[in-house]
Ligand code: SF4
Ligand code: SF4
Ligand code: SF4
């Protein structure tokens, strides 16, 4: 499976991706990723390409991603260069995230939503790779979807 | 026992070097090589072995230190980016003749693209030039294995080995299995053993030209033996041979499998591009080399590739480009190219001290002044007109010196202001400042001192007082160096104190006009990109007074804080609170006083 995760600097794209990668490794799959941070620091685009259980290189060809995950909704045009299937969070979900958890756990809360909605990854394995605080944030996001 | 790791190419290299026995590791930070050394430091903290792992002032010094440590019998390595190898060229070439006494590896990261470098140069060519064997890994796991292999070859033949990586490999991550890490004390026994032979080694270590000839001959012998053993590895069974090395090999494997080209293509993987011998390719109907970034194997083995226009001569050979090359030779259909929308250009972080400091410089010296910039975050001052030249490390100082002299000799009067960061100044800005003082070159040098190598990920500088292990270090003061040269106009100011900064810059301007000697102003403010920097940064929340904002956009074009954004509907500026760090600097920028403290 080929995933691309996109967002702005400061949104925790790298940690979001790291948890996904570690979850896949927990599931016994091989993982290859690439982080492209560019020169832009705060506010710049952060891009992670991830191959799970396939390939030799950590790069993904434009137009070939199975799914593009967007943490920032303004990157849709750029996301399209990787593939047609996109996963993004609604404005309501973003706002709720900010209310439910402290700023630094927003990315993991969103990850919980992603896990609940897609079932691509095993939530029990994801929990295993997180510390207590992150686990709480992840479950909050996950259960928010379940209870809807 | 073995276990699964998930590492980047750079981390894998550090694991390979340390488990391979390296006990002296130094280097100079440079994207994409910067994470190797900090990873080795983490391993040292975790396993607690004797050795030295820390940054050097520049690549030349780094290479000399690591090489001399190898002469003491300690396995040693040095890391740098490709343009850093240019800085270290003198000791690099020499190290092949002299030969190390213990394993010695030079890790160099190339940057095809380029993503964050001045050139796309290929370090394999530099290795050839210096007669140093070079290994070119194709995957993260190979980066780990080749780091170990490099040490083994180096130990066996007493020859330096260049381990080459590229951005795609250094920053790519992968999971793989390594044996359990056991760390032996390699330091003491190796050192003692080496000391026994010390006196005999003098002929080699301080060789005269006559002996150099003999050393050259011995080096050629070593290279010949190594090349005999160096064999190309073949994959698949087609009658078109594609030779390759490095990450491109992994791309080609993927493309071959995706398009089922196993019966059409044979991939020839070159693990060690130099020294490489010709092999018999007569059974193939075509031989092409696809490699980053120079036609290197192509020239050594005389194949098709760049020279007959099949492979593009510039840019990264990404998966897409590799596919395009195979389409060009008719192996797969051409894919429609995908156009990539432009992304926002990078700018200095919100609240960065460089921004307000250089804004003050622009205010005092005006737009006609020539600003010779340098390599660092502050290169981005280009965006708001306070940088006219960017060349190579330290050139901001030499350019300013020579250009100020030229203008003084000509009939045009212009101020020249050189801009250099603290770590770039220490790297190679001091020698040109000595010349400038000696020859009375009349320019102002701005040294932006944020006490870190910010651009490459906030590595430590010689200003620090503690090592990563908590050992005390002597802190180097830039003003002491500058005063020591003899320069008498030396001022230090925090650019957040805007009024004081402007006052000092005005004094400097007056000094230049009257004295015809160089002046130095050090703008000192910690980088706000680090956690401590941000926590300790003064807080002065601001807001836009909408009635006063005329929508002139001066603050956007002349100051460019990413948190100052344009509201299309209202045609006014607003502050993006998710980006703003409440530094309060923009208060001094708006000519209409529309930005004020809340
Ligand atoms: S990393 Fe530090 S020095 Fe570089 S732009 Fe950001 S705040 Fe400025
Ligand atoms: S805030 Fe000031 S400088 Fe910026 S657009 Fe408004 S009036 Fe112009
Ligand atoms: S206070 Fe002004 S200059 Fe500082 S970060 Fe906020 S918008 Fe930018």
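Couple of notes before you dig in:
- If the segment from residue B:543 to residue B:45 were pulled out straight at 0.36 nm per residue, it would be longer than the present Cα-Cα gap by 174.7 nm.
- Modelled FRET efficiency - R0 35 Å, residue B:52 with residue B:598, Cβ distances, 0.05 increments: 0.10
- Shape call, the stretch B:542-597: gyration tensor on alpha carbons, a/c limit 1.5: rounded
- Beta bridges from DSSP with both residues in chain B: antiparallel share about 30 percent, rounded to the nearest 5.
- In degrees, nearest ten, helix B:59-71 long axis to first principal axis of chain B (Cα): 40
- Percentage relative contact order, chain B, counting C-alpha pairs under 8 Å, at least six apart: 11
- Estimated distance in nm for a label pair at residue B:229 and residue B:568, the labels positioned 7 Å out from Cα along Cα-to-Cβ: 6.5
- When shorter helices are ignored and each DSSP H run of at least 4 residues is given -39500 (n - 2.57), the per-residue value for chain B at 222 nm works out to -11000 deg cm²/dmol.
- Placing dummy labels 7 Å off each Cα toward the beta-carbon, the span from residue A:148 to residue B:213 is 8.2 nm.
- Among beta bridges that DSSP assigns inside the stretch A:25-148, antiparallel share in %, nearest 5: 65
- Length-normalised contact order of chain A in % [C-alpha pairs under 8 Å, at least 6 apart]: 25
- Rounded to 5, percent antiparallel among DSSP beta bridges of the stretch B:353-536: 10
- Sites residue A:117 and residue B:465, calculated FRET efficiency, Cβ-Cβ separation with R0 56 Å, nearest 0.05: 0.65
- In degrees, nearest ten, helix B:36-47 long axis to first principal axis of chain B (Cα): 80
- Stretchable slack from residue B:152 to residue B:515, in nm (0.36 nm times residue separation minus alpha-carbon distance): 124.7 nm
- Spacing of the two label points (7 Å from each Cα toward its C-beta) at residue B:89 and residue B:129, in nm: 0.4
- Shape category assigned to the protein assembly as shown from the gyration tensor of Cα positions, a/c cut at 1.5: oblate
- FRET efficiency estimate (nearest 0.05) - Cβ-Cβ, residue B:473 to residue A:135, R0 60 angstrom: 0.95
- Summary of the geometry: the stretch B:416-431 and the stretch B:374-415, compared by the centres of their Cα atoms, lie 11 Å apart.
- Span from the the stretch B:309-341 Cα centroid across to the the stretch B:90-146 one, whole angstrom: 27
- The stretch B:2-229 shape via C-alpha gyration tensor axes, a/c threshold 1.5: oblate
- Degrees between helix B:89-98 axis and first principal axis of chain B (Cα, 0 to 90, nearest 10): 30
- Remark: relative contact order (the stretch B:132-211) = 28 percent; criterion is Cα-Cα distance under 8 angstrom and separation of 6 or more residues.
- C-alpha center-to-center spacing [the stretch B:508-564, the stretch A:1-60] in angstrom: 35
Only the coordinates and a few stated rules stand behind these numbers; no lab work does. Just so we're clear, the structure is a prediction, and the values are computed from it rather than from any experiment. Neighbour counts run over all protein chains shown; Cβ positions are idealised from the backbone, glycine included.
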